Every structure is written in C-alpha cells, then in structure tokens.
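Here the structure comes first, spelled out in structure tokens, and everything after it is commentary.
The values are calculated or read from the model by the stated rules, or taken from the named source; none is laboratory data. What you are looking at is a predicted structure, and each value in this text was computed from that prediction instead of being measured. Note: ideal-geometry Cβ built from the backbone for every residue, glycine included; neighbour counts use all protein chains shown.
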Amino acid sequence: MTLDEAVALIKDGDCIGVNSFLALANPVQLHEGIAKRFKETGSPKGLTVFCSAGFGDWEADSPCEGHIAAGAVSKVVLGHMGSMPCTTAKILSGELEAYNLPLGVMSHMVRAAAAGMPFYTTKIGLNLFVDPKYNGYRLNASSNEEWVREVRESGERYLLYKTPKLDIALIKGTSCDPSGNISFEKECATIDALALAQAVKRRGGKVIVQVERTIEHHLRPRNVIIPGILVDAVVVCPQQGQVVSVAGYEPSFSGDKYVKPCDIGHWAAEHEANSPADIARASR
C-alpha cells in the first residue's frame, strides 16, 4: 500500500503498539504518515501508544513524535521516554495520560496478549515505583487507569500486570517477499515484532509494516521474522534509515560485520565521534 492507504487503516481511539528500541528499528515513516493524516483531516484521534522501549532520537522536533506533538495521541504507556522530549513535556504539563512500566515486563505483557492472557504475573517491580503501594507508574493527575495490582499466592506477593488490547501494530523491517513475509537483515534488533503482530491479529487488528524493499525470491523460513499471514499492509520506504535521523548503513550494528572482542576498544573509539546522536545533531 501507499503510506496514506496504510495509515488510513487506523481508526479513532485505536491502541497502537510500536515496535522500536529508542532510535533503533523505529518505523519513522509510519509515525510521519499518522501525523500528516491527523493534521489534514483531524483523524485518527484519541490514540493510545504502547511501546516497551520507547521511541525517539532525543531531538525536540523528532519525526517520531509528530503525531504526539500534533495531538493525535491522548494516552501513552511506555517503558522509557527519555529519548522523547516532546512526549515528556506533554506528560509533565498534564496534556497526556501517561504510564511508565518496566521495559522487560512490557515485552512479556505483549507476549501474554499474543497468547490471549488478560494478565501477566511476576515479582518484577515489587517495592519499586511500579508497586501499587507507591502508584509511581501513573505519571500525572490525569492518569488513573489501573495497569498493575497486587496478588498473593502461597503467602507471597506478586504483581499482576494488565495486558494491552492492541488494535494496530507499527513495525519496521528490511525486506518483504512475494508472500508478504518480513525479514530484518538490516535492523539492529527485532524486539517484540512477532509477538506484537500476533497480539494485534488475535484481536482482529491491523499489522502495518514499513520495509526498505520488496524482493522477488521467497525468504528462507528461518530468516522470516513476521510471517506474511500476520501482515495486513506493507509500505515500501527506500529512504528509511537503520537509525532514526542517521543516513547510511552500519553493518556492524546488524551483525553483517563482525567486530572481534579484542578490537571493541578500537571500534568504539572510531565510532565515538560519529555516534547516532552526534550524526543526527550534525545533520540538522
């Protein structure tokens, strides 16, 4: 589909699961497509964004946050927001309903949702900010939804995390084969991609994937990250970068180039001056 056709699948009030790890594997063009549609039509509005690792490139005018800045999003559930200055400002001002949960737990919540489980139970978070006795996961006065509650089993305390009801998945891959299968060969990480697609399809939602290219041959099954049967829309974005706001491809980030342990120090020194954040700032 075209970008406009793909984002038109998103309805007002949808809960969107974003597969991203900060500036890595981030479906930037899909974020931009939502922002463009909202500015032009006022829809989709009232969106919820759920992302276990957060997304953004630490820049105030990040292309990842355009739909949040414009007002299309009313609620966020994030494991990290330090790379999202616009979102953070809106949370602090009370403009966004917002919740902060442990990153790893959020990944397990997505897997549990894919399995049809309403809750995920763990001891992770006990006696920390997310523990209901502190209620620190609710980030401002407008954030009153219960995402975590305490349960006891055999005399021990556990935390019960509510699994998300996801309507849309936004995912970035590298290649799409003739059957719609998606591979991630240029990506730095796969994160929650498969579980996110499964969780969305379980609810009858739409899985939207942006890729760099389509290919004529069928992928080897072991190289497929998301089977085509789970994919509703593919948007080809030849200009997509490996890292947000950074041009080019660094093969060592995706494992195409091996760096020996004994050479890590030299490799880091060479790349320190050209880190993704530095390159992004310089390019602006």
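Could you list, in sequence order, the residues of region 149-188 that are among the basic types (Lys, Arg) and out of contact with any Ser or Thr (no Cβ under 7 Å at 6 or more places or on another chain)?
Matches in region 149-188: Arg149, Arg152, Arg157, Lys162, Lys165, Lys172.
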Filtering strands (runs of 3 or more DSSP E) wholly in region 1-100 for at least 1 residues that are small (Gly, Ala, Ser) and closer than 25 Å to Glu185 by Cα gives 15-18
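Yes/no matrix, rows are residues, columns are (1) touching a residue at least 60 places away in the same chain (Cβ under 8 Å); (2) out of contact with any helix residue (DSSP H, G or I) (no Cβ under 6 Å at 6 or more places or on another chain); (3) surrounded by fewer than 19 Cβ atoms within 10 Å (Cβ to Cβ):
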{"site": "Ile91", "(1), (2), (3)": "no, yes, no"}
{"site": "Pro102", "(1), (2), (3)": "no, yes, no"}
{"site": "Val110", "(1), (2), (3)": "yes, no, no"}
{"site": "Ile124", "(1), (2), (3)": "no, no, yes"}
{"site": "Arg138", "(1), (2), (3)": "no, yes, no"}
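Can you find, within region 180-207, the residue that is surrounded by the most Cβ atoms within 10 Å (Cβ to Cβ) among those that are hydrophobic (A, V, I, L, M, F, W, C) and out of contact with any Leu (no Cβ under 6 Å at 6 or more places or on another chain)?
Among those that are hydrophobic (A, V, I, L, M, F, W, C) and out of contact with any Leu (no Cβ under 6 Å at 6 or more places or on another chain), it is Leu196.
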Quick check on my filter: what residues within region 237-259 are surrounded by fewer than 16 Cβ atoms within 10 Å (Cβ to Cβ), of a type outside the set (Ser, Thr, Tyr) and out of contact with any Pro (no Cβ under 9 Å at 6 or more places or on another chain)? Pro238, Gln239, Ala247, Gly248, Pro251, Gly255, Asp256, Val259
Log entry, pairs with first residue in region 38-54 being within 20 Å of Tyr99 (Cβ to Cβ), second being of a type in the set (Ser, Thr, Tyr) and not in a helix (DSSP H, G or I), beta carbons closer than 8 Å, six or more apart or on different chains, reads Lys45/Ser74; Gly46/Ser74; Leu47/Ser74; Thr48/Ser74; Cys51/Ser20; Ala53/Ser20; Gly54/Ser20; Gly54/Ser83
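Among the residues of region 142-156, count how many are over 21 Å from Lys90 (Cα atoms) and part of a loop (DSSP other than H, G, I, E, B). Walk me through how you get there before you give the answer.
Narrowing region 142-156 to residues over 21 Å from Lys90 (Cα atoms): 148-156.
In the following step, the residues that additionally are part of a loop (DSSP other than H, G, I, E, B) were identified as 154-155.
Counting residues in region 142-156 that are over 21 Å from Lys90 (Cα atoms) and part of a loop (DSSP other than H, G, I, E, B) gives 2.
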Could you please find all residues in region 104-135 being touching a strand residue (DSSP E or B) at 6+ places or on another chain (Cβ under 8 Å) and part of a loop (DSSP other than H, G, I, E, B)? Pro118, Lys123, Ile124, Gly125, Leu126, Phe129, Val130, Asp131, Pro132, Lys133
Could you check Cys64 against (1) closer than 30 Å to Arg157 by Cα; (2) of a type in the set (A, V, I, L, M, F, W, C); (3) in the same structural domain as Cys188 (by TED's automatic domain parsing) and say which number it fails? (1)
Which count do you get for residues in region 55-76 that are of a type in the set (Gly, Ala, Ser), in contact (Cβ under 8 Å) with a residue 60 or more places away in the chain and either within 15 Å of Gly42 (Cβ to Cβ) or out of contact with any Gly (no Cβ under 7 Å at 6 or more places or on another chain) (or both)? 1
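Test Gln239 against the stated conditions and say whether it is assigned to a strand (DSSP E or B) and touching a helix residue (DSSP H, G or I) at 6+ places or on another chain (Cβ under 9 Å). Write out each step before concluding.
Numbers: assigned to a strand (DSSP E or B): no; touching a helix residue (DSSP H, G or I) at 6+ places or on another chain (Cβ under 9 Å): yes.
It is false that Gln239 is assigned to a strand (DSSP E or B) and touching a helix residue (DSSP H, G or I) at 6+ places or on another chain (Cβ under 9 Å).
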